[in-house]
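Data block below; observations after.
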Amino acid sequence: MQPPAELVHWMFATGFVVLGLCLLAEGIVGPEVWRVRAWRAYLWPGLVFAMGVLMWPVMVFFTNSTIHMVAHSSWAQVLMLAGGAELGLVRGKLHSPYWRLTMPFALLVSGTAFLVHEQNSWFFARSAFLHHVIGWTLIVSAIFPLVSFIRPRSAIWRSGFALTVILLAVLLYCDRDVAPIFGHLSPLAGEPHR
Amino acid sequence: MSTQVLSEKTAVRRRSARTWAITALGPATMLAGVVWAFVQPWRITLLHSTGQGFWWLFVEPPLLVVLAGIVFAVLVAPGVIEDLEAYEDDR
């Protein structure tokens, strides 16, 4: 009854599409309009937190190595930390704006976890390639929430972060099981299918 | 006369670029999912469902993208547009 691993990636990708659309909408209209309705202010931080919670079962049920378990648990922790910090700020329980730095921190940790737990080279198989691309994308894109923290009224940096989240969704949708990337597939990777 | 012109202008509200952008986000996402379905029809397992298990029939990536667009267009965008227009009227 357990779904194949790539299907879990696709379900999380869908969550990231919704998250990216919400962030993009907030970037377009600005926080003052986005937060007119209270439920909307909680929407994307709540989604980030929920995805962090849902990452724990992934960590438990898809543990094919210790380093995978550590990577998945680190994603769960930083998603919950970033989502929880934003929820605390929206609710007024947290006051220091420095809590917003949890988002670039989450991206840095997530990207590093992607790179560290991928033991194969870029062209070993599709999943290896995607792990490298996603890892570097997350690390580089940490600049968006970081600059948004320094210049909170800049729509460009907010929108850049939103587009990064949508790019992450696209990359997760690209994930399939053993499949070549750009025609390359290591003979050690297994039989290509789907 | 001028009052009439003013009221006509108010009646025919010009939607701002930001309003159009928010309006377009959901349909654009849905369109992306539909285009993807045509480009990679094998990603929709329902089209060749024989012998497929529950998860392969339940999780259809292009349809999930369409669903995400519908959720945003129906549940989020209308309220954002309403609040944006009210905000722009107040300015």
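The values are calculated or read from the model by the stated rules, or taken from the named source; none is laboratory data. Just so you know, these numbers come straight off a predicted model, no measurement behind them. In this analysis, Cβ positions are derived from the backbone assuming ideal geometry, glycine residues included, and neighbour counts consider all displayed protein chains.
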Practice item. Could you tell me whether any residue of the stretch A:113-136 is part of a helix (DSSP H, G or I), among the hydroxyl-bearing types (Ser, Thr, Tyr) and modelled with pLDDT of 90 or more? Key: no
Review point. Is at least one residue of the stretch A:64-75 closer than 21 Å to A:Ser159 by Cα and surrounded by fewer than 17 Cβ atoms within 10 Å (Cβ to Cβ)?
Key: no
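Report, by residue number, each residue of the stretch A:101-155 that is among the charged types (D, E, K, R) and either touching a residue at least 60 places away in the same chain (Cβ under 8 Å) or closer than 30 Å to B:Ala21 by Cα (or both).
First pass over the stretch A:101-155, keeping only residues among the charged types (D, E, K, R): A:118, A:126, A:151, A:153.
Passing the criteria: A:Arg151, A:Arg153.
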Study note, to complete from the structure: Per the filter on the stretch A:2-43, residues part of a loop (DSSP other than H, G, I, E, B) and either in contact with a Cys (Cβ under 7 Å, 6 or more places away or on another chain) or on the phi > 0 side of the Ramachandran plot (or both) are A:Gly30
Point to revise | So B:Val35, is it within 7 Å of another protein chain (Cβ to nearest Cβ) and not acidic (Asp, Glu) | key: no
Exercise for review: Check A:Leu89, A:Leu19, A:Leu47 and return the single one that is surrounded by 17 or more Cβ atoms within 10 Å (Cβ to Cβ), closer than 28 Å to B:Glu85 by Cβ and away from chain B (no Cβ under 13 Å).
Suggested key: A:Leu89
Review point. Can you find even one residue in the stretch A:24-44 that is surrounded by fewer than 19 Cβ atoms within 10 Å (Cβ to Cβ), farther than 25 Å from B:Gly26 by Cα and within 9 Å of another protein chain (Cβ to nearest Cβ)?
Key: no
